[in-house]
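Just so you know, all these numbers are worked out from the coordinates, no wet-lab data involved. Not measured: the values here are computed from a predicted model. Cβ atoms come from the backbone with ideal geometry, glycine included; neighbour counts cover every protein chain shown.
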Amino acid sequence: MKPFEQARKHPITFTGPAPDFFEGALLGNGGLGVVVTTRPDAVMIHFGHNNVWDIRIAEDHADEIGTFQDVYNRLKDIPDHLSSLTEDSWYREYCEMTGENYRKSYPRPMPCGSLLLQFDRRETEVLGHTLDISNGRCRIDFLVGGNPAQLELFVEQEHDRLWLRTADTATGREIPLFHALTLIPDPETPKEFPKAASFVDGDACTVAFTQHLPYVEKPGADYGGHVKDKAFRLAVRTSGGFAASSKDQP
């Protein structure tokens, strides 16, 4: 049996809302990663990318670390009657000093924020979701006014884009399912980073934010940038029909 046909027989399903991050459907193309979660009042989509990192590197004690030869010479001077190298005060203090840089939370992958799609829970109920692992397509099933409807999502293989489509399940006709969307920068963004810059274009039905990722370890309020700085942008474009906004970082 062909792998594609075998995979189609084993979709991943979840019944009811899946609000927890680890209950959500996982989509991606090897670079862009997307976790789709559902709440009784909204769909929340979390974004990440392999190329988006908190790129800062701690370089404390650079003058004290020394060269390999310096360290090797000091190691040779440690008495051989000790049962462990850590009994030597110099070695113990050196390990403590050199380990400080590695106890930082960075460098680390940097989450790219989330998209919140809200619906009226008085009229709409989440039934569950299904992920077809043969083609990477996710379907979220709803009841809207008692009628079945669905949201389909998939990530392009060659481009970092997530496509979404809402439709009446019986007819396939596109229907308005959400009344508002909000882009939310990652709440764990380091406080010393510049705040995400939001952009809303009502005429183009586009909302976006850009997050600056400083190269310098401790950028101050007057940080003017560095040639090695990075940035990423998360943007959403809709076919219209509901309000779009971008939420500032807390």
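Observations on the structure shown:
- Relative to the longest principal axis of the Cα atoms of the chain, helix 89-99 runs at roughly 30 degrees.
- DSSP bridge pairs, the stretch 145-250: antiparallel proportion in percent, nearest 5: 85
- MRE, 222 nm, helices only [DSSP H, n ≥ 4, -39500 (n - 2.57), over the chain, to nearest 500]: -3000 deg cm²/dmol
- Taken about its Cα centre, the stretch 1-135 carries a charge dipole of about 860 debye when Lys and Arg each add +1 at the Cβ and Asp and Glu each add -1 at the Cβ.
- Legend: Rg and Dmax of the stretch 1-132, from Cα coordinates, 25.9, 78 Å.
- Legend: translational diffusion of the stretch 119-250 by Stokes-Einstein, Rh = Kirkwood radius over C-alpha pairs, 37 °C, 0.692 mPa s; D = 188 µm²/s.
- Positive dipole terminus of the stretch 61-147, leading residue within Leu85, Gly99, Val71 (C-beta point charges): Gly99
- Global dimensions of the stretch 65-140 from alpha-carbon coordinates: Rg and Dmax equal 27.8, 78 Å.
- Under the convention that each Lys and Arg Cβ holds +1 and each Asp and Glu Cβ holds -1, the size of the dipole of the stretch 80-221 around its Cα centre is about 400 debye.
- Using alpha carbons only, the radius of gyration of the chain set against its Kirkwood radius gives Rg/Rh = 1.15.
- The slack in the chain from Thr67 to Asp41, taken as 0.36 nm per residue of separation less the alpha-carbon distance, amounts to 3.5 nm.
- Charge dipole (debye, nearest 20) of the chain; +1 at Cβ of Lys and Arg, -1 at Cβ of Asp and Glu: 1020
- Sites Lys76 and His226, calculated FRET efficiency, Cβ-Cβ separation with R0 35 Å, nearest 0.05: 0.30
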